[in-house]
1. Grab the beta carbon distance between SER176 and ASP237, set R0 = 30 Å, and tell me the FRET efficiency rounded to 0.05.
2. Please list, by residue number, everything in the range 121-148 whose backbone N is under 15 Å from a paramagnetic label point 7 Å out along Cα→Cβ of ASP253.
3. State, as an integer percentage, the relative contact order of the chain based on alpha-carbon contacts under 8 Å between residues 6 or more apart.
4. Multiply the residue gap between ASP80 and CYS190 by 0.36 nm, knock off their C-alpha separation, and tell me the result in nm, one decimal place.
5. Of the DSSP beta bridges with both residues in the chain, give the percent that are antiparallel, rounding to the nearest 5.
6. Accessible area per residue for the chain in Å², computed with a 1.4 Å probe and the full protein assembly in place, what is it?
7. Select one label from [x] 65, 42, 33; [y] 54, 53, 34; [z] 53, 40, 37: the one whose number is Cα extents along the principal axes in Å as derived from the coordinates shown.
8. Note down the net charge around GLU187, summing +1 for each Lys or Arg and -1 for each Asp or Glu among other residues with Cβ under 11 Å from its Cβ.
Amino acid sequence: MASWSEKMLQLLRRMNNFHLPGSSLESCLRFEVAGEQVGWISPRVESILGRFPAVFRPYGSTITFSSGLDTFESRSVAVDEVLQELRREATFTCLIGWRDEQYAVMPRYCDPPLMYMERAATSLFGVKRYGVHVNGYTQDSSGNLNMWLARRSLTKQTYPGRLDNMAAGGLAAGCSVRHTMVKECEEEACIPPGLAEQARPVGTVSYTYEDDEGIFPECQFVFDLELPLNFQPHIGDGEVQAFYYYPIEKVKDLLVSEEFKPNCAMVVLDFLIRHAIIEPDSGLLHSGGQISGHLVEFEIRI
């Protein structure tokens, strides 16, 4: 029977499979905007985009925009028109989950956006997505840790009914990291802004995976929020169906079950490492997982 570490490494490999042997990485084309790479496009998606020569232009191993689409606004509008047509045709399953939520497209988070794109379509272009995740926990006078977990609503478009962090959400265009953190705490868990503001930024969790819906380079900004022992989150906007309060050892066991949304499990893994629930000598770090300090880059090197 697989050990806890072996099961966790299976999850890490799954969530960074784009950089493992056998992925589509070698056959993908670079997606460039204004001379900067912002994503990856698979051959299957490339063949569909070839129907829109007024918008997309291939050259060599790269796809970029046709001449004339040289402004933020023109690119955003042109891509939205293409995506709306593909949505009507039901060409890609990911567009069934259209969210009317714009994500900023840029080479790095610190760079100014080069265009906006519908969230549901970002995986088609391998565009990096950013989100915010909050670990809600308590610590008693004896140092015992307990963590609040959320169970996702059965109506969620992705991973319905799975365990999640106490609060989490994507970073929409034009919203700051801290604003998003406070907003998600209030909307999902009814945490007052004054309490949510006490959350501490503790780093990021980054990974790149691919599945049938595309390529997902993601970076999650992680916060730890120590809650009063008598505080209890409540269901807010309906994206969560229940909250659970578990000892940290039970949370550790749940991480390698099928109950957790995979990227949220990695956020909790980061918490366990930072709070010394998992030690460097546990075996996890010697089996192919590269994990360091307050920044966790799940780049599995076999």
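The values are calculated or read from the model by the stated rules, or taken from the named source; none is laboratory data. In this text, all values refer to a predicted model and were calculated from it rather than measured experimentally. Don't worry about glycine lacking a Cβ; one is built from the backbone with ideal geometry, like all the others, and counts go over all protein chains shown. Side chains included, ligands, DNA and RNA excluded: accessible areas come from the protein's heavy atoms. Shrake-Rupley method; radii C 1.70, N 1.55, O 1.52, S 1.80 Å.
1. For R0 = 30 Å, the calculated efficiency reads 0.90.
2. 147
3. So the answer I get is 21 percent.
4. Contour length minus the Cα-Cα distance gives 36.2 nm.
5. In the chain, approximately 75 percent of DSSP beta bridges are antiparallel ones.
6. Here the residues of the chain average 46 Å² of exposed surface.
7. Answer by label: [x].
8. -4
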